[in-house]
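What follows is calculated from the coordinates using simple rules that are stated; it is not laboratory data. Note that this is a predicted model, so its numbers are computed, not measured. In this analysis, Cβ positions are derived from the backbone assuming ideal geometry, glycine residues included, and neighbour counts consider all displayed protein chains.
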Amino acid sequence: MKIQPINLYIIDDNKLMVLDLKVYLKHKFGEHINITTFENGESCLALIDKETHVVILDYFMTGKNGIDILKKIKTTNPKTEVIMLSTNEKMAVAIEAFRAGAKDYVVKGVGYWKKIINLVKKEVSSLIALS
């Protein structure tokens with residue numbers, strides 16, 4: 001039985017970080033994951049649909065901030081799991097992200113890659129189990 005790959009979007013204006021994360025996730029999950037990247041949230045919104053499984057979303061970007069994009073993603077597909085990624089350590093921002101529907105809030109800094117990888121691994125594993 002062929003398992004449908006997980007569709008994951010990475011939305012962040014830090015091109016180097018996005019490339020590194022994409023390469024690492026593709027290496028880790030191989031054919032089980034399709035990764036599409038965007039430099040801003042607006043460009044991603046047109047592609048969000050019922051087949052969008054996981055989004056890694058930066059908070060600070062040119063144009064609309066991550067919370068605004070998160071709300072639109074969840075309006076389009078409430079089942080899409082969104083992991084907010086930010087340099088902002090303010091608890092109020094994290095709470096706002098959770099209230100808007102974020103699955104998790106990860107602060108960029110020491111150890112954030114490991115947390116992102118574990119969260120994506122958990123989502124990929126649960127979605128594969130449902131297939």
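Tell me, which longest segment in the chain has none of the trypsin sites (Lys or Arg not before Pro) that fall in DSSP loops with at most 16 further Cβ atoms within 10 Å? Please list the in-between numbers first.
On the way: sites that count: Lys2, Lys50, Lys64, Lys79, Lys90, Lys103.
So the longest stretch without any such site is 3-49.
Debye calculation, C-alpha points only, no solvent: report log10 I(q)/I(0) for the stretch 6-125 at q = 0.19 Å⁻¹, in the same order as the q values.
Evaluating at q = 0.19 Å⁻¹ gives log10 I(q)/I(0) of -0.99.
Only counting other Cβ atoms within 10 Å, I'd like Leu21, Leu85, Leu47 sorted with the fewest neighbours first. Don't skip to the end; give the middle numbers.
Details: Leu21 22, Leu85 26, Leu47 13.
The most exposed by this proxy come first: Leu47, Leu21, Leu85.
Find the all-direction average of the projected area of the Cα convex hull for the stretch 52-100, expressing the result in square nanometres with one decimal place.
Details: hull surface 12.9 nm².
The number I arrive at for the stretch 52-100 is 3.2 nm².
Going by C-beta contacts inside 10 Å, put Asp13, Asp49 in order with the fewest on the left. Mind showing how you got there, number by number?
Values: Asp13 15, Asp49 10.
The fewest-first ordering by Cβ neighbours comes to Asp49, Asp13.
Rounded to the nearest 0.05, what FRET efficiency is calculated for Phe98 and Asp49 with R0 set to 35 Å and r the Cβ-Cβ distance?
Values: r = 24 Å, r/R0 = 0.68.
Using R0 = 35 Å, I get an efficiency of 0.90.
Give me the net charge for the shell around Glu39: Cβ to Cβ below 9 angstrom, other residues only, Lys and Arg +1, Asp and Glu -1. Kindly include the intermediate steps, with their values, before the conclusion.
Numbers: positive: Lys15; negative: Asp12, Asp13.
Within the 9 Å Cβ shell, the charges total -1.
Dipole of the stretch 6-125, Cα-centred, from +1 at each Lys and Arg C-beta and -1 at each Asp and Glu C-beta, to the nearest 20 debye?
On the way: 18 positive and 15 negative charges, 69 e Å.
Computed about the Cα centre, the dipole is about 320 debye.
Output ³J(HN,Hα) for the stretch 57-70: one whole-Hz value per residue in order, computed from phi by the Karplus curve 6.51 cos²θ - 1.76 cosθ + 1.60 with θ = phi - 60°, and x for Gly and Pro.
Each residue's phi maps through the Karplus curve to give 10, 6, 7, 8, 9, 5, x, 5, 7, x, 5, 4, 5, 4 Hz.
GluC sites (Glu not before Pro), restricted to the stretch 43-126: which are DSSP loop and have at most 14 other Cβ atoms within 10 Å?
On the way: sites: Glu51, Glu81, Glu89, Glu96, Glu123; in loops: Glu51, Glu89.
Answer by residue number: Glu51, Glu89.
Could you give me the ³J(HN,Hα) list for the stretch 95-109, computed from phi with Karplus coefficients 6.51, -1.76, 1.60 and θ = phi - 60°, whole Hz, x at Gly and Pro?
4, 4, 5, 5, 5, 7, x, 5, 6, 7, 10, 10, 8, 5, x
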